[in-house]
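The structure appears below as structure tokens.
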Amino acid sequence: MNQIIREIEAEQLKDKVDEFNVGDTVKVYGKIKEGNRERIQVFEGTVLKKQGGSNRATFTVRKVSNGVGVEKTWPMHSPNVERVEVVRRGKVRRAKLNYLRDRVGKKAKVKELVK
């Protein structure tokens, strides 16, 4: 039974997964269905966390829209996520940036990673 589940999950994995880390500012290109039409909507924000493994892996992106914080959790291997584009790399020292939820304005910024 366990082997069957692993085979099914392996089929659902994407061939090419976009490389990004926690703290990066990313643009997520998500497919949205409206009636019989399908379009792509861009969601740009900071990656708060990445969790899970295999085809259950997810990542959470947070942005501030009209003064209100908005968070979306996206499945990494979902066919509804067309691609993830890294806008800027962030320099962080922890795996989950939940403290950003309490911060507003310039305090909510993540330093940029300079290589």
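In the set K63, K27, K50, K31, which member is assigned to a strand (DSSP E or B), in contact (Cβ under 8 Å) with a residue 12 or more places away in the chain, charged (D, E, K, R) and over 30 Å from K107 (Cβ atoms)? Step through it out loud before you land on a result.
Numbers: K63 fails: over 30 Å from K107 (Cβ atoms); K27 fails: over 30 Å from K107 (Cβ atoms); K50 fails: over 30 Å from K107 (Cβ atoms).
Every option except K31 fails the conditions.
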Task: Count of segment 3-27 residues which are out of contact with any strand residue (DSSP E or B) (no Cβ under 8 Å at 6 or more places or on another chain) and of a type in the set (G, A, S) - done: 1
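Matching residues to (1) modelled with pLDDT of 90 or more; (2) in contact with a Leu (Cβ under 9 Å, 6 or more places away or on another chain):
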position	(1), (2)
K14	no, no
D24	yes, yes
K33	yes, no
G53	no, no
K72	yes, no
N80	yes, no
V92	yes, yes
R101	yes, yes
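The values are calculated or read from the model by the stated rules, or taken from the named source; none is laboratory data. All figures in this text were calculated on a predicted structure; none of them were measured in a lab. Please note: Cβ atoms are built from the backbone with ideal geometry, for glycine as well, and neighbour counts cover all protein chains shown.
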